[in-house]
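Chemist: The structure under discussion is supplied below as structure tokens; questions concerning it will follow.
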Amino acid sequence: MSIPTPTGTVGEGPRGREVQFVRRYRATPDAVWAALTESDRLERWIGRWEGDPATGRVTFFMTAEGDEVEGEEVSIVECDGPTRFAADTRVGDRQWHLRFELEQEAGGVTVLTFAQMLSDDDVSSVGPGWEYYLDRLTAVMDGSDVDAVDFADYFPAMKDYYAALS
């Protein structure tokens, strides 16, 4: 695989300044929504959740990082399928505010805008990480080998690009 080009930008979101990523898929919004929200499909590219989302909370396990990962509590802030989702999660001592929106374009293309609100997070490591995971999602959506997406192609190669955004 060739070294990927960074795609993230920094802009204003509903809750403040955020790093934003856009991906396009030849799929319906329902299919992309399922890949982003259904635990068994989510696990194909990043991790799984356990619990009852109707309570507004689930536990997320980032299984792409290995089998022995600790669960993180996720608070669902907004869930308006298949168009908008927002959640807050703890990553170590940090709280992350994540959101995504889906929009259907002509020709059967769904546009995903994924964002993480910026606070004191180091965007030079957060940006490459989301590029990596979203490219794993793209591999799943395209039916290609998700394991061919290698984190070493993203970090530290994209670190300077994201450092310049902050």
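The values are calculated or read from the model by the stated rules, or taken from the named source; none is laboratory data. These numbers come from a predicted model, not from an experiment. Neighbour counts are summed over all protein chains in view; Cβ atoms, including those assigned to glycine, are modelled from backbone coordinates with ideal geometry.
Chemist: Residues Asp93, Asp121, Asp88: which one is free of Cβ contacts under 8 Å to residues at least 12 places away in the same chain and among the charged types (D, E, K, R)?
Modeler: On the way: Asp121 fails: free of Cβ contacts under 8 Å to residues at least 12 places away in the same chain; Asp88 fails: free of Cβ contacts under 8 Å to residues at least 12 places away in the same chain.
So the residue among Asp93, Asp121, Asp88 that is free of Cβ contacts under 8 Å to residues at least 12 places away in the same chain and among the charged types (D, E, K, R) is Asp93.
Chemist: Going through the stretch 38-70 one residue at a time, which ones are under 15 Å from Leu137 (Cβ atoms) and in contact with a helix residue (DSSP H, G or I) (Cβ under 8 Å, 6 or more places away or on another chain)?
Modeler: Arg41, Leu42, Glu43, Arg44, Trp45, Ile46, Gly47, Arg48, Ala64
Chemist: Another question about this same structure. On the given criteria, is Thr9 closer than 21 Å to Pro156 by Cα, surrounded by fewer than 16 Cβ atoms within 10 Å (Cβ to Cβ) and touching a residue at least 24 places away in the same chain (Cβ under 8 Å)? Reasoning before the result, please.
Modeler: Details: closer than 21 Å to Pro156 by Cα: yes; surrounded by fewer than 16 Cβ atoms within 10 Å (Cβ to Cβ): yes; touching a residue at least 24 places away in the same chain (Cβ under 8 Å): yes.
Against the criterion (closer than 21 Å to Pro156 by Cα, surrounded by fewer than 16 Cβ atoms within 10 Å (Cβ to Cβ) and touching a residue at least 24 places away in the same chain (Cβ under 8 Å)), Thr9 qualifies.
Chemist: Let me ask another. Kindly check whether there is at least one residue in the stretch 16-32 that is of a type in the set (Gly, Ala, Ser) and either farther than 20 Å from Ala139 by Cα or free of Cβ contacts under 8 Å to residues at least 60 places away in the same chain (or both).
Modeler: There is at least one residue in the stretch 16-32 that is of a type in the set (Gly, Ala, Ser) and either farther than 20 Å from Ala139 by Cα or free of Cβ contacts under 8 Å to residues at least 60 places away in the same chain (or both).
Residues are listed down the side, and each one gets a yes or a no for (1) at pLDDT 95 or above; (2) under 16 Å from Thr110 (Cα atoms); (3) within 14 Å of the chain's Cα centre (by Cα); (4) surrounded by 16 or more Cβ atoms within 10 Å (Cβ to Cβ):
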residue	(1), (2), (3), (4)
Val22	yes, yes, yes, no
Ala27	yes, yes, no, yes
Ala35	yes, yes, yes, yes
Arg48	yes, no, yes, yes
